[in-house]
Amino acid sequence: MLVGLLPGLLLAEVSTLECRRTEQPPSCELSRSGLVKDDRDVIPLDQFQGVEVQESRSDGSSTYRVVLLTSEGDRPLTGYSSSGYAGKERLARQIDAFLNDSSQPQLVIQQDSRWLGYLFTLIFSGSGLVVACVMGNVVTCEFDKLGQSFKLTRQGLWGRKTIQHPLHHIQTVHLETSRSNKGRTTYRVALGLKNGDRLPITTYYSSGRKDKQKTADQISEFLDVTTSTPLSL
C-alpha cells in the first residue's frame, strides 16, 4: 500500500486579495488555491479593522505573514509563514493605504508560492522511499531496499546530475546547519557515507528545522541508521 506524506503540497499555493469599491457592497475577495485546497472568502470593507505582519519564531529564527484584521476574526493572507519581513511589511502598508484611501477604486495583490512548494515530499512503499525537493531545481532521492541501491538526481535548468551508491554505503543521516553573519540559521539534510564523505540531498540550506529533522528521522528509520546531532557549517 502506498502512503504519501505531502507537507510540501500544503505550502504550494496562490493567494490573491482582490478588493473593489465599485462592488455593492464594497468588499474584498481572499482566495487561496493549491493542489490540495481551494478556499475563497468575501470580506465586506466595513468589517476591516486593520492589517498587521504576524511573526512566528522557531529554533531562534523568525518567519512572517500578513494578517487581515476584521470584526469577524483574523484572516491570514497566506496559509504559511516565510522569511523576509521587509516584503511582508510593504504588502501590509499597501493594503492599509487602500483601506484608508476611499479614492482608490481597487486593489489586487497576489502571492505565488508554487515555485518553492513541494519541499521534502515523502512517498513510502513496502521497499522504497522517495524524497523529492524543489527550490529552483528538482531533487529526487530514491532508496530501494529490493535493489539495495540509492540514487540522488538533481534536475535543473542546465541539465541533470545523478549520483548512485549501494544502499549499505549510507551509515548516518545528518541535519546540517548554516548560520549567516546576521545570525539566521538554515538547514539541510545530508547522508553520511562509510568512506567518510557527506552527500547533501540539496546543495542549498533553507529555513524550517522541523521539516528537515522530520525528513532526516524518516530516512534514518527506513534505513535503520542513526541521525547525527546538528552540525554547524
Residues with beta-carbon under 10 Å from that of SER178, excluding SER178: net charge, scoring Lys, Arg +1 and Asp, Glu -1?
-> +2
Where labels lie 7 Å past Cα in the beta-carbon direction, separation of LEU69 and SER31 in nm = 2.9
Residue-wise HN-Hα coupling along region 96-104, computed from phi with Karplus coefficients 6.51, -1.76, 1.60 (Hz; x: Gly, Pro) = 4, 5, 5, 5, 9, 10, 5, 7, 7
Two pseudo-spin positions, 7 Å from Cα along C-beta at GLN47 and at GLN110, lie apart in nanometres by 2.4
³J(HN,Hα) computed for each position of region 24-31 - Karplus, 6.51 cos²θ - 1.76 cosθ + 1.60, integer Hz, glycine/proline x = 10, x, x, 7, 10, 10, 9, 10
Positive minus negative residues near LEU45 (Lys, Arg vs Asp, Glu; Cβ under 10 Å) = 0
Straight-line reach check, LYS182, cutoff 22 Å on alpha carbons, 8 or more apart in-chain or any other chain, hits among lysines -> LYS88, LYS210, LYS212
For LEU77, list long-range residues whose amide hydrogen, built 1.01 Å from N in the peptide plane, is under 5 Å from its own amide hydrogen.
-> VAL66, VAL67, LEU68
Note, region 171-181: 3J(HN,Hα) by Karplus (6.51, -1.76, 1.60, θ = phi - 60°), whole Hz, Gly/Pro = x, goes 9, 9, 10, 10, 9, 8, 10, 9, 10, 7, 5
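No lab work stands behind these numbers, since they all come straight from the coordinates. Because the structure is predicted, anything quoted here is derived from the model rather than measured. All Cβ positions, glycine included, derive from the backbone under ideal geometry; neighbour counts span all protein chains shown.
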